[in-house]
1. So is residue 179 under 20 Å from the mean Cα position of the chain (by Cα), surrounded by 13 or more Cβ atoms within 10 Å (Cβ to Cβ), closer than 25 Å to residue 89 by Cα and free of Cβ contacts under 8 Å to residues at least 40 places away in the same chain or not?
2. Could you tell me whether the stretch 46-64 includes any residue that is in a loop (DSSP other than H, G, I, E, B) and modelled with pLDDT of 70 or more?
3. Test of understanding: among 179, 221, which residue is at positive phi and either in contact with a helix residue (DSSP H, G or I) (Cβ under 9 Å, 6 or more places away or on another chain) or in the same structural domain as residue 106 (by TED's automatic domain parsing) (or both)?
4. Keeping to the stretch 124-160, report how many residues are surrounded by 20 or more Cβ atoms within 10 Å (Cβ to Cβ) and over 22 Å from the mean Cα position of the chain (by Cα).
5. Tell me, please, whether a residue that is over 22 Å from residue 107 (Cα atoms), modelled with pLDDT of 95 or more and touching a strand residue (DSSP E or B) at 6+ places or on another chain (Cβ under 8 Å) can be found in the stretch 206-218.
6. When you go through (1) surrounded by 14 or more Cβ atoms within 10 Å (Cβ to Cβ); (2) more than 17 Å from the chain's Cα centre (by Cα); (3) in contact (Cβ under 8 Å) with a residue 24 or more places away in the chain one by one for residue 115, which number turns out not to apply?
7. Considering the stretch 77-112 alone, what residues qualify as being surrounded by 12 or more Cβ atoms within 10 Å (Cβ to Cβ), in contact (Cβ under 8 Å) with a residue 12 or more places away in the chain and in a loop (DSSP other than H, G, I, E, B)?
8. Suppose the filter is assigned by TED's automatic domain parsing to the domain that holds residue 210 and closer than 15 Å to residue 217 by Cα; does residue 184 pass it?
């Protein structure tokens, strides 16, 4: 996607997410596009929002790639912003979750979720933290379509758009939950059943498509009950 269209795409996706049942959208905590996502000099919304928060609403920056003068954040958040810590390290990451966070976003296989929850509970007990205060979700990489073939076509288009060799399609398919709503819903349901409070979806190949965002929202809502 061109720099000129990134902000409009984020807005359209956010509206589709809200209307279809998502309770929030999340953006990467990077100051530039990571490898495999976009060019390092492409715009990224999180750069501006992060600068705004750390400057208490009036950011100024002069750098090689960006110049921002007195950027104002208005309107401000309507409530306290919860702290989410992502990751699954049982010794350090989950200890920091127990000590500091409101939410934990696990990055692990579904069959590892019970062990991660036990590790978090143990840290909470040692620190005197009420485990029930912490909402736990899992990051699930998803490519959804109205049909399985449509979802696969989204991966193929994503790979082609990045100029990667066709072999990357097979690699991606093995690392994401791919398919029509029934397939994706089953995977979400299995994760929730493992003890999660919710799910965080990364729509890897088609988050720019409001129709697919809405389809994912409806699918996740139905699978989560």
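The values are calculated or read from the model by the stated rules, or taken from the named source; none is laboratory data. What you are looking at is a predicted structure, and each value in this text was computed from that prediction instead of being measured. Neighbour counts are summed over all protein chains in view; Cβ atoms, including those assigned to glycine, are modelled from backbone coordinates with ideal geometry.
1. Numbers: under 20 Å from the mean Cα position of the chain (by Cα): yes; surrounded by 13 or more Cβ atoms within 10 Å (Cβ to Cβ): yes; closer than 25 Å to residue 89 by Cα: no; free of Cβ contacts under 8 Å to residues at least 40 places away in the same chain: yes.
So residue 179 fails the test.
2. The initial filter retains those residues of the stretch 46-64 that are in a loop (DSSP other than H, G, I, E, B), namely 55-57, 63-64.
Subsequent filtering for residues that are modelled with pLDDT of 70 or more retains 63-64.
For the stretch 46-64, residues in a loop (DSSP other than H, G, I, E, B) and modelled with pLDDT of 70 or more: present.
3. Values: 221 fails: at positive phi.
Checking each option against the conditions leaves just 179.
4. Selection size over the stretch 124-160: 1.
5. yes
6. Just one mismatch for residue 115, condition (1).
7. Answer for the stretch 77-112, where residues must be surrounded by 12 or more Cβ atoms within 10 Å (Cβ to Cβ), in contact (Cβ under 8 Å) with a residue 12 or more places away in the chain and in a loop (DSSP other than H, G, I, E, B): 87, 88, 90, 101, 102, 107, 108.
8. Details: assigned by TED's automatic domain parsing to the domain that holds residue 210: yes; closer than 15 Å to residue 217 by Cα: yes.
Answer is yes for this residue.
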